[in-house]
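**Q** Could you have a look at this structure, given as structure tokens, before my questions?
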Amino acid sequence: MGRRTSKTVRTKGPRHAILTFDGKWWTAEAPHLAGAYSQGRTRASALSNLRSAIRDLLDAYEQLGEEPPFREVAEVEVEMVEMAG
């Protein structure tokens, strides 16, 4: 493997991650970049793995000479309502 260099990547829009836990694994998604997903045993490892996945994905698009598939993301508040059963 070649030596990896660190570089700052500027992405469009908000830079949020969605984290979910299934009782064993944390999954992380960058909703602003299609295909940017990862997982880890801890939140920290899931986020670290997601950063690597984003870097690798952006590097791949750069090598192909293509624009990454950025998506517009909006943050909204939702009210949770308990449903009568």
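**Q** Could you work out the local net charge near G35, counting Lys and Arg as +1, Asp and Glu as -1, over the other residues with Cβ closer than 15 Å to its Cβ?
**A** -3
**Q** Send over the Kirkwood Rh of segment 9-85, from the inverse of the averaged 1/r over different Cα pairs, rounded to one decimal Å.
**A** Answer for segment 9-85: a Kirkwood hydrodynamic radius of 14.0 Å.
**Q** If you don't mind, there's one more thing I want to ask. So how do 69-77, 52-60 stack up, highest first, on mean other-Cβ count within 10 Å?
**A** My ranking of the peptides, most packed first, is 52-60, 69-77.
Values quoted throughout were computed directly from the atomic coordinates according to the rules given, and no laboratory measurement underlies them. Keep in mind that this is a model prediction, so the values were computed, not measured. No Cβ is skipped: glycine too gets one built from the backbone with ideal geometry, and neighbour counts run over all protein chains shown.
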